Amino acid sequence: MPLLGLPHVIIGGGVAGVVCCRELLRLLPPSSPAPVLVTVEPSLSLSTPAERKERKERGGFQENLLAAHDPDDPLVAAAKDVTVDIVTAKEFRRLFPKIRLVVGRVTEVDAQAKAVSVETAQGQTRIRYQDLLLATGASP
């Protein structure tokens, strides 16, 4: 049974977590609670063409995340043009005011209580959720 009135919580500020939050905003009714994005990193990854275009026009930068890897690796060669914009938490909040961004380290996931505990610069906080998505990538 869904816990109405509680947000969807996404852990991970990479491309998957950010895209998930944006899709939730698009799909959920406007009366739904804002999705919560929890990330340990003080910067986040954006990847859609519109975001890249806007950042480029405003003087943002793109980083080829694979540039430091072996160019002869077939996976690197296949993804050589993949670029991701890296933005600060402040910039992310400006771009996506309807997403609640929490910068901190998840210290506990209590599946039974449907809550996550996060250690932030301001101290420990507990966030209850309707649904939880772990989008931490290769480094959980």
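Things to note:
- So residue 22, is it touching a strand residue (DSSP E or B) at 6+ places or on another chain (Cβ under 7 Å), modelled with pLDDT of 60 or more and in a helix (DSSP H, G or I): no
- Residue 85 modelled with pLDDT under 95 and over 24 Å from residue 25 (Cα atoms): no
- Among the numbered conditions (1) surrounded by fewer than 18 Cβ atoms within 10 Å (Cβ to Cβ); (2) at pLDDT 85 or above, the only one that residue 4 does not meet is (2).
- Hits in the stretch 97-140 - residues which are in a loop (DSSP other than H, G, I, E, B), within 16 Å of residue 41 (Cβ to Cβ) and under 17 Å from the mean Cα position of the chain (by Cα): 99, 135, 136, 137, 138, 139, 140
- Unmet requirement for residue 108, which otherwise passes all of (1) under 20 Å from residue 25 (Cα atoms); (2) at pLDDT 95 or above: (1)
The values are calculated or read from the model by the stated rules, or taken from the named source; none is laboratory data. Only a predicted model underlies this, so the values are computations on that prediction, with no experimental measurement involved. Positions of Cβ are backbone-derived with ideal geometry, glycine not excepted, and every protein chain shown enters the neighbour counts.
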